[in-house]
1. If VAL104 satisfies all but one of (1) more than 21 Å from ILE45 (Cα to Cα); (2) in contact with a helix residue (DSSP H, G or I) (Cβ under 6 Å, 6 or more places away or on another chain); (3) in contact (Cβ under 8 Å) with a residue 24 or more places away in the chain, what's the number of the condition it fails?
2. Name the pairs whose Cβ atoms lie under 6 Å apart, with the first residue in the stretch 40-58 and at negative phi, the second among the hydroxyl-bearing types (Ser, Thr, Tyr), and 6 or more positions between them or separate chains?
3. Please state which one of GLY92, GLY3 is surrounded by 13 or more Cβ atoms within 10 Å (Cβ to Cβ) and at pLDDT below 65.
4. Looking at (1) free of Cβ contacts under 8 Å to residues at least 24 places away in the same chain; (2) touching a Pro at 6+ places or on another chain (Cβ under 9 Å); (3) closer than 27 Å to VAL104 by Cβ, can you tell me which one LEU66 breaks?
5. Looking only at the stretch 57-79, count how many residues are aliphatic (A, V, I, L, M) and surrounded by 17 or more Cβ atoms within 10 Å (Cβ to Cβ).
Amino acid sequence: MNGGPAHPGGAHLGRSDAQTPSPGAHVHHMDPVERTVKAILLAGIAVSVALMAVGLVLGVAHGTMLPRAMVSLSALPSALARLDPAAYVTLGLIVLVVTPFVRVVGSLVAFVVERDRAYVLITATVLVVMCLGVLLGRA
């Protein structure tokens, strides 16, 4: 193995070739679209997990543990204001579901800024298909 001695159990100790590229190896640098997508996905997941964690903590504090039902969209603002644990879990799940849509919109905006017509068309088509899937799934 290159980069360091092997552990008797097969684990690799020391420097990993995957972490440190060899001389002359190509290092990938993210372009603006990749950075935008990465930021959107990380933010969406972080916000979603944080909201669901708040819901779980509130559930434990209220003695109800895990919420048994979702809160409707119309009741969500007042339930959040009342610190209803189910409202925070519901909002966390909504953020998690919406994140891929925001990612596609972010990509679309980045491709428009770059004036990449082919990718604008492809990404817009993906967004339309995703929206149709949601609308037809509700029927």
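The values are calculated or read from the model by the stated rules, or taken from the named source; none is laboratory data. Please read all numbers here as calculations on a predicted model, not as lab measurements. Please note: Cβ atoms are built from the backbone with ideal geometry, for glycine as well, and neighbour counts cover all protein chains shown.
1. Of everything listed in (1) more than 21 Å from ILE45 (Cα to Cα); (2) in contact with a helix residue (DSSP H, G or I) (Cβ under 6 Å, 6 or more places away or on another chain); (3) in contact (Cβ under 8 Å) with a residue 24 or more places away in the chain, VAL104 misses just condition (1).
2. Taking only residues 6 or more apart or on different chains, the pairs are GLY44/THR99; LEU51/TYR88; VAL54/TYR88; GLY55/TYR88.
3. That would be GLY3, the only listed residue that is surrounded by 13 or more Cβ atoms within 10 Å (Cβ to Cβ) and at pLDDT below 65.
4. (3)
5. 4
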